1. Which length gain, in nm to one decimal place, applies between D147 and A209 when the Cα-Cα distance is subtracted from 0.36 nm times their residue separation?
2. Could you go through the stretch 81-91 in sequence order and give the Karplus-derived ³J(HN,Hα) for each residue, using 6.51 cos²θ - 1.76 cosθ + 1.60 with θ = phi - 60°, rounded to whole Hz, and x for Gly and Pro?
3. Show me, for the stretch 434-442, the HN-Hα J-couplings you get by feeding each phi into the Karplus relation (A = 6.51, B = -1.76, C = 1.60, θ = phi - 60°), rounded to Hz, glycine and proline as x.
4. Quick one: which residues, 5+ away or cross-chain, put their amide H under 5 Å from the amide H of L547? H built at 1.01 Å from N.
5. Amide H to amide H under 5 Å from N132: which residues, 5+ apart in sequence or cross-chain, H placed 1.01 Å off N in plane?
6. At R0 = 60 Å, how high is the FRET efficiency between T381 and N195 if r is their beta carbon distance? Nearest 0.05 is fine.
7. What is the local net charge at L527, summed over the other residues whose Cβ is closer than 13 Å to its Cβ (Lys, Arg +1; Asp, Glu -1)?
8. Grab the Cα-Cα distance for Q523 and L244, subtract it from 0.36 nm times how many residues apart they are, and report the gain in nm with one decimal.
Amino acid sequence: MVWKTPLNRSARVFAGLRPALVAALTASVLAAPLGASLAQAATSPLQSVEAAVTGETSASSTPSASGTAATATTQAADPYGRETPRSMISALIERLADGDYKEAGNYFEDSANGTERAEQLEAVLNKGGSLNTFATLSDSPEGVLDDDLPASQEYVGNLGDKGKTPIMLTRSKAAGGTMIWRISRQTSDIVGRMNPKTTTLEDGGVEVAGASLKDWGILLGLAAAVFLGFQLLSGLVLLVARRLTRGSETSAAFSFAKAAMPPLSLFLATAVFQIWADSLPVSIVARQWMLKYIGIFAAIALTWFLMRLIDAISHVVIWRMETRGQRQVVSVVSLLRRAAKILLAFGVLVAILDTFGIDVTTGVAALGIGGIALALGAQKTVENLVGSISLIADKPVQIGDFCKIGDVLGTVEDIGIRSTRIRTLQRTVVTIPNGDLSTQKIENYARRDRFLFNPTIGVEYGIGSAKLLEAVETIESVLENHDRIARPGYRARFVAFGASSLDIAIFAYIEAADYDESLVIQQDLLLLIFARLERAGVGIAFPTRTLHLVREGSGEEDGAGSDAPLAAPRSRRAISRPAQPILDDPEDGGEDEDAEAETSGTVGPGPAA
């Protein structure tokens with residue numbers, strides 16, 4: 001019993017559609033003025049696909065010059081995909097998987113015996129011969145030029161005999177004028193002389209994608225055993241390292257080993273499987289398929305390992321720079337770490353797409369055209385990227401700086417590729433795009449070498465000029481005797497007659513490492529000044545008002561003014577006296593309650609209403 005699947009034929013059709021898909025994707029991102037021309041360019045690859053699948057060689061009539069060029073390209077294209085060594089070997093494996101040996105004969109230079117040679121070559125390869133993996137085969141029409149072989153020859157594997165006879169390709173011109181690669185006549189003759197026994201699937205056997213179920217089971221079982229073995233080995237290594245390392249939980253070396261072992265074991269397992277499976281006497285179809293797609297795991301594992309290595313190195317560098325106080329390097333290391341990770345992710349993505357047969361070179365070339373439209377649509381992104389570079393180069397702020405950007409006050413937590421994050425005093429996080437940040441006014445408090453100490457001390461009126469001068473000298477002596485006041489430049493001066501006090505202004509700089517320390521020193525200075533003034537008998541003034549009430553009476557003719565009604569009270573402000581309770585006229589004796597009620601709300605400057 002044989003299971004046939006359309007997987008291989010579908011893959012060939014999809015491979016032919018790759019240029020059209022890439023062109024269509026490019027056209028979708030371009031601006032309107034480029035739409036018509038790109039739509040025309042996307043049509044030509046579709047015509048090439050149809051001709052490649054159906055074998056057509058006739059030209060399609062199009063009214064435009066670009067359509068004529070596309071027709072010429074269609075005529076020159078090889079319908080069997082033999083333009084590069086990679087495409088030639090991939091197409092041959094697909095024909096062998098389909099059991100179409102007649103079609104497979106077209107991949108031999110000895111085309112007269114091509115059908116027989118295809119069956120014999122498959123039998124030889126199934127018994128231990130090997131072909132280069134998909135990733136190592138050249139995807140260039142010229143092949144590998146630095147392999148010490150003639151330019152028209154390419155090494156792609158060996159026949160698995162004792163002498164490891166090489167399988168060679170030769171490049172020649174096809175009937176249509178296209179340069180193609182085929183199995184050399186010399187290799188075909190050697191295969192014929194080996195006269196391997198060609199076999200067919202036994203009755204009752206199961207075939208999946210061109211190979212027996214038994215061969216698939218052997219390869220999958222080997223892969224599972226290798227991967228499981230390396231995982232157990234990595235766990236054992238970590239267990240031994242934990243027991244041998246003191247303080248393993250805090251050890252940087254052990255932490256790195258613990259983080260690196262999973263991707264490293266996956267990569268080593270992939271490498272061992274590729275070496276082991278390449279020499280197994282199983283179907284070449286199943287073997288090539290497994291080796292092709294197992295390379296994806298190798299690429300992912302290597303990228304995973306390199307990302308963790310980048311993280312470990314960056315953490316060590318950041319820790320050392322923070323210890324040395326070189327905080328500007330922290331921002332640079334953070335940006336470089338992210339850029340390196342992005343490049344690694346892009347590289348593994350390209351490798352995966354290439355493994356699945358997607359022509360990444362066409363896509364990259366298309367991005368050159370689409371980049372114009374993308375740049376117009378991503379101006380803010382480019383602006384933020386340029387802003388981040390200018391921030392790192394100019395260094396107005398660094399990670400850990402306490403600063404004010406616009407109306408945002410807080411500590412810089414991270415300077416990224418697109419934006420900068422600031423932790424405010426309310427513990428919220430404000431994200432500012434770097435493009436906007438580079439144009440804002442930035443006040444960096446962390447760059448201060450000194451902290452201004454500039455309070456105004458108000459002393460009471462009425463102490464006299466001598467006491468006032470003594471207060472000024474007392475404050476200045478406190479500044480002079482304090483070891484954290486910067487010299488020269490400190491002073492204390494009587495500057496103004498205030499509304500409620502005699503004002504003494506202090507100007508000095510505090511030498512402190514940071515803002516918190518400056519607050520402690522500032523508190524110490526204020527307490528010392530207060531204690532010295534208190535000892536000298538100089539009081540600290542505070543806003544006061546004293547209200548004087550004057551009662552005016554209209555006397556009778558007989559001069560008996562004691563019974564005259566009270567006039568409206570008037571007030572005046574006394575300077576530098578503590579607030580006093582409102583008193584009645586002594587002559588009144590407090591008997592007129594109406595006068596008290598009328599004057600109870602007259603506290604304040606200016607005459608009473």
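1. Computed gain between D147 and A209 is 19.0 nm.
2. Couplings: x, 9, 5, 10, x, 5, 5, 5, 5, 4, 5 Hz.
3. 5, x, 6, 5, 5, 9, 8, 6, 10
4. Those qualifying (amide H under 5 Å, at least 5 residues apart or on another chain) are Q580.
5. G157
6. For R0 = 60 Å, the calculated efficiency reads 0.40.
7. Overall, the nearby charge balance is 0.
8. Difference between extended and current length: 95.2 nm.
The values are calculated or read from the model by the stated rules, or taken from the named source; none is laboratory data. Everything numeric in this text was worked out from a predicted model, so none of it was measured. Reconstructed Cβ throughout: ideal geometry from the backbone, glycine too, with neighbour counts over all protein chains shown. Heads up: the accessible areas ignore ligands, DNA and RNA and are worked out on the full protein's heavy atoms, side chains in. Shrake-Rupley method; radii C 1.70, N 1.55, O 1.52, S 1.80 Å.
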